[in-house]
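Taking it in order: structure first as structure tokens, then the write-up.
The values are calculated or read from the model by the stated rules, or taken from the named source; none is laboratory data. As the structure is a prediction and not an experimental result, all values here were calculated from the model. Because the Cβ atoms are built from the backbone with ideal geometry, glycine has one as well, and the counts that use them run over all protein chains shown. Heavy atoms of the whole protein, side chains included, go into the accessibility calculation; ligands, DNA and RNA do not. Shrake-Rupley method; radii C 1.70, N 1.55, O 1.52, S 1.80 Å.
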Amino acid sequence: MALIEVRNISKLYHLGGEEIRALDDVSLDIDGGEFISIIGPSGSGKSTLMHILGCLDSPTLGTIKLDGTMIEKATPHQLAGIRNRKIGFVFQFFNLLPKLNVLQNVELPMVYSGLSSRERREHSMAALKLVGLENRSKHRPMQISGGQQQRVAIARALVNNPKIIFADEPTGNLDSNTGEAILELFRKLSSEGRTIALVTHDPEIAAVTPRRIEIRDGKIAKEVDPKLAGLNRIPAPALSANP
Amino acid sequence: MNLLNAIAVGLKEIWAHKFRSLLTMLGIILGVASLVGMSALVKGMENGMKEALIAIGGVEKVRLEENDIPSYQKQLADQAVGCTMNDVYALQQSAPLIKIVTPEMRTRDATATHGSKSYDPWIFVGTWPNALEMNQHVIEYGRMFNEIDDEQARNVCVVGVGARDALFGSPEQLGYEYNPVGEQITVKSQPFTIVGMFTRYESEQDHKARELAKAQPPEPPSTNGPARSRGWGGKRGGGFVFTLKNNTIYIPLNTMWLKFRATAGSNNIPDPRLSTMSVKVADVDKMDQAIQQAHNVLMHTHKGIEDFAFQTQEDWADSIGKAIKNARLSGGIIAAISLLVGGIGIMNIMLASITERIREIGIRKAIGATFLDVFIQILVESVVIAVIGGASGLIASMALVHFLSYISPTDNTPVITVNSMLIAFAFSVGIGILAGLFPAFKAAKLDPIQALRYE
Ligand SMILES: Nc1ncnc2c1ncn2[C@@H]1O[C@H](COP(=O)(O)OP(=O)(O)O)[C@@H](O)[C@H]1O
Ligand SMILES: [Mg+2]
């Protein structure tokens, strides 16, 4: 059974009488441990898809099953719990809380899952160590570089040990070298067995993931999946994404 | 997120906007302070009024006074007898709803002298020993004159401290309490032996002030001109009722009758009329029946001529009650409005605060904050402002009360009651909750996606 099963979802917006199909009948599965990229031009519906998969938004039509839970049947309260425990988000603009220091930012998901302060501290320091920022824990977000902020955001995304991490254009706001380093970090996390979905408009970035789903005008246009033998098979990257 | 966390976040948020928070709190501080201050003033007023009411004999005391004869009985005027001892005995026998009857007979121009000193008492009456109970007098030295003194019309008297202070020296002058029992004074050339002295009657506040003054070394007398008495009116807190009681001299009724009245009526005809008569009803709740009963009895003794009237303290007690209630109500409403304004200030600042923090709220929701988490966070913040404001308001209320009694000293010390503090504090917390509900709801129901997109 796949970690996420998406069946025929559509997302419709109505703007001044005009109907916009941000997503149009999308179906896909994501397995645990996969490293996947969702690629497409700006406005193609990538973020919309990611928000829906991440339980931040709900589809107009269709069903999603995440780790055995039918999302459309869950209450807002349950969805918050799912976002808290099963999903980690990394955003283009980092989205750290400026008033909290690095450590407190990383601790935040655990505040909502109700861990003791001692546990929160331990887990946060471990996560910061993983992204190489253990000695910046007392800094404010404004006092560290963009790349470091994104690392903090990644630490926050993985601190509750989620089933999947969604990253929406995580390098979009970074220079190319820093972006490289962030991608390298994702690769490392993937190699440790984490499930990661990377959203990007940049084919070069998408190239680091074994599986790639291309979206155009809200539809899946093309899929490259190493699991599907033969067609479109690309040389696997240096690391094996699938157990 | 647990409550402790929410409080910590709230405090941090308040600290991050110190000045803004302080201004917001100021509304609550002033509201609480004015609520507690108002209630303290009213309480002081109430205490003062009640003290005076009790000192004058309580609500159960009713005075019987001579009254103009009603117009339809005008032709009987020359047959009117006035209040006499007949009335007293009749009431004692035939009015069971009346517990005590005390006759009073006065004389004019009674000046008491002792040696070279003289003194004009405010009240110089001949009465029965039960005047002690009727008028709530307390004996400090000696005794009240008794029935035998009265029967034998002995020249004895019981004096208030005013008489003692004037004729023998006050404790302030002497440095000690002089006991005048056994001394002789002269009134209208009649010698009287003092057999007792009443205690000093004063308001609670004066009592405290005097105790305080006693504890401190006496100040050297001011050398500001020759020594003089500054009169009663100027004496701060000398409530009229207390001054009146302190300047009383009681002598037995028969003594008054035989030594002064029997020889001093108009045209030298003995005047048997009493000046007044006081009765005490057995049960205040049966005041109406008791007065009716007394009325019936007196109509009989007065041959149907209604030349008397009853004067109760009910009106006074009622007007005290009404005045207190009005003062409390209007003060309470004004203070409550100012608290309400403080609450509106909180709501205003909370709305501004969540608008500033839409993105933060989006982030919190994205990483797992529930509706309730956000709701509680904002609500707690609002309540924390109110609680800090409320607590500071309680402290400020003490300063306010000091300030009030400084700028406008009254006879009645304002009394801050625990009750008023609790109510004001609870009210401010309630205001904080009310003010926070709407902003908290608004924040909690923000859509995370839209909140995250918000710039
Ligand atoms: N709240 C919204 N209201 C109306 N249209 C929207 C809304 N959100 C997204 N869209 C539209 O849906 C489409 C997909 O948007 P998005 O998923 O953000 O694209 P991408 O992330 O691929 O750039 C766009 O045409 C966008 O204008
Ligand atoms: Mg996008």
How much area per residue is accessible in the protein assembly as shown when the probe is 1.4 Å and only protein heavy atoms are counted (Å²)?
49
If r is the Cβ-Cβ distance from B:Met299 to B:Lys117 and R0 is 45 Å, what FRET efficiency results, to the nearest 0.05?
0.40
Would you grab the residues whose amide H sits under 5 Å from the one on A:Val90? Only those 5+ places off in sequence or on another chain, please, with H modelled 1.01 Å from N.
A:Phe166, A:Ala167, A:Asp168
With B:Gly432 itself left out, Lys, Arg at +1 and Asp, Glu at -1 over residues whose Cβ is under 15 Å from its Cβ give -2
Give the relative contact order (percent, whole number) for chain A; include only Cα pairs under 8 Å separated by 6+ residues.
27
Per 0.36 nm of contour for each residue apart, how much would the distance between B:Phe19 and B:Glu356 grow if the chain were fully extended, relative to their Cα-Cα spacing?
119.7 nm
Considering only B:Leu340, B:Ser170, B:His137, whose Cα is most displaced toward the positive end of the charge dipole of chain B, charges sitting on Cβ of Lys, Arg (+1) and Asp, Glu (-1)?
B:Leu340
Tell me, how many Å apart are the Cα centres for region B:46-78 and for region B:14-35?
53
Dipole magnitude of region B:59-313 about its Cα centre (Cβ charges: Lys, Arg +1; Asp, Glu -1), debye to nearest 20
600
Given a Förster distance of 56 angstrom, what is the FRET efficiency for B:Gln79 paired with B:Ala323, based on the Cβ-Cβ distance and rounded to 0.05?
0.85
Partner aspartates and glutamates for B:Lys74 [C-alpha distance under 20 Å; skip if fewer than 8 residues away on the same chain]:
B:Glu65, B:Glu66, B:Glu306, B:Asp307
Out of all DSSP beta bridges with both ends in region B:59-313, state the antiparallel percent to the nearest 5.
80
Taking only C-alpha pairs under 8 Å that are 6+ residues apart, what is the relative contact order of chain B in percent?
33
Scanning chain A for trypsin sites (Lys or Arg not before Pro) in DSSP loops with at most 14 other Cβ atoms within 10 Å, what's the longest stretch left with none?
A:1-137
Give me the one-decimal nm value for the distance between modelled label points at A:His77 and A:Ala181, 7 Å along each residue's Cα-to-Cβ direction.
4.4
Note on the protein assembly as shown, DSSP bridge orientation, antiparallel percent to nearest 5 equals 65
What is region B:59-313 by shape, rounded, prolate or oblate, if you read a ≥ b ≥ c off the alpha carbon gyration tensor as root eigenvalues and call it rounded for a/c under 1.5, prolate for a/b larger than b/c, and oblate otherwise?
prolate
Taking 0.36 nm per residue of separation between B:Asp288 and B:Arg453 and subtracting their Cα-Cα distance, the length gained on full extension comes to 51.6 nm
By the gyration tensor of its Cα atoms, with a ≥ b ≥ c the square roots of the eigenvalues, what is the shape of chain B: rounded for a/c under 1.5, prolate for a/b over b/c, or oblate?
prolate
Ignoring any ligand, DNA or RNA, what whole percent of the accessible area of region B:59-313 comes from carbon and sulfur when the probe is 1.4 angstrom?
50
Cα lying deepest toward the dipole's positive end in the protein assembly as shown, options A:Ile144, B:Ile54, B:Thr102, charges on Cβ
A:Ile144
Please name whichever of B:Met287, B:Pro70, B:Pro270 sits farthest to the positive end of the charge dipole of chain B, dipole taken about the Cα centre and charges placed at Cβ: Lys and Arg +1, Asp and Glu -1.
B:Met287
Where a ≥ b ≥ c are the square roots of the eigenvalues of the C-alpha gyration tensor, would you call region B:14-86 rounded, which needs a/c under 1.5, or, failing that, prolate if a/b is larger than b/c, or oblate?
prolate
How many percent of all Cα-Cα pairs in region A:102-143 sit more than 14 Å apart?
42
About the Cα centre, charge dipole magnitude for chain B (Lys/Arg +1, Asp/Glu -1 at Cβ), debye:
1480
Over the Cα atoms, compute the radius of gyration (one decimal) and Dmax (the largest Cα-Cα distance, rounded to a whole number) for the protein assembly as shown, in Å.
45.4, 146
Using DSSP H assignments, which helices in chain B have an axial alpha-carbon span of 30 Å or above and a mean Kyte-Doolittle hydropathy of -0.5 or higher?
B:18-55, B:314-356, B:371-407, B:418-444
Give me a comma-separated list of calculated 3J(HN,Hα) values for region B:178-185, in order, Karplus coefficients 6.51, -1.76, 1.60 applied at θ = phi - 60°, integers in Hz, x for any Gly or Pro.
7, 9, x, 4, x, 6, 9, 10
Reduced to Cα centres, the span from region A:189-217 to region B:408-455 in Å works out to 50
Point-charge dipole on Cβ atoms (K/R +1, D/E -1) for the protein assembly as shown, about Cα centre, debye to 20:
1960
Could you tell me what percent of the DSSP beta bridges with both partners in chain A are antiparallel, to the nearest 5?
55
The answer for the net charge of residues other than B:Met85 whose Cβ lies under 14 angstrom from its Cβ, with Lys and Arg +1 and Asp and Glu -1, is -3
A:Glu122 versus B:Ile423: modelled label distance in nm, points set 7 Å from Cα along the beta carbon direction:
5.3
Residues of region A:99-126 losing 10 Å² or more of accessible area relative to the isolated chain, 1.4 Å probe, heavy atoms only?
A:Lys99, A:Leu100, A:Gln104, A:Leu108, A:Pro109, A:Val111, A:Tyr112, A:Arg120
Neighbourhood net charge (10 Å Cβ-Cβ; Lys/Arg +1, Asp/Glu -1) for B:Thr127
-1
Given the -39500 (n - 2.57) contribution per DSSP H run of 4+ residues, what per-residue ellipticity at 222 nm results for chain B, rounded to the nearest 500 deg cm²/dmol?
-17500 deg cm²/dmol
Suppose a student asked you for the relative contact order of region B:59-313, using Cα pairs under 8 Å spaced at least 6 residues apart; what percent would you report?
41
A/B buried area, accessible surface, summed, 1.4 Å probe, Å²:
1900
Identify the chymotrypsin sites (Phe, Trp or Tyr not before Pro) of region A:44-116 meeting these criteria: DSSP loop state and at most 16 other C-beta atoms within 10 Å of the C-beta.
A:Phe93
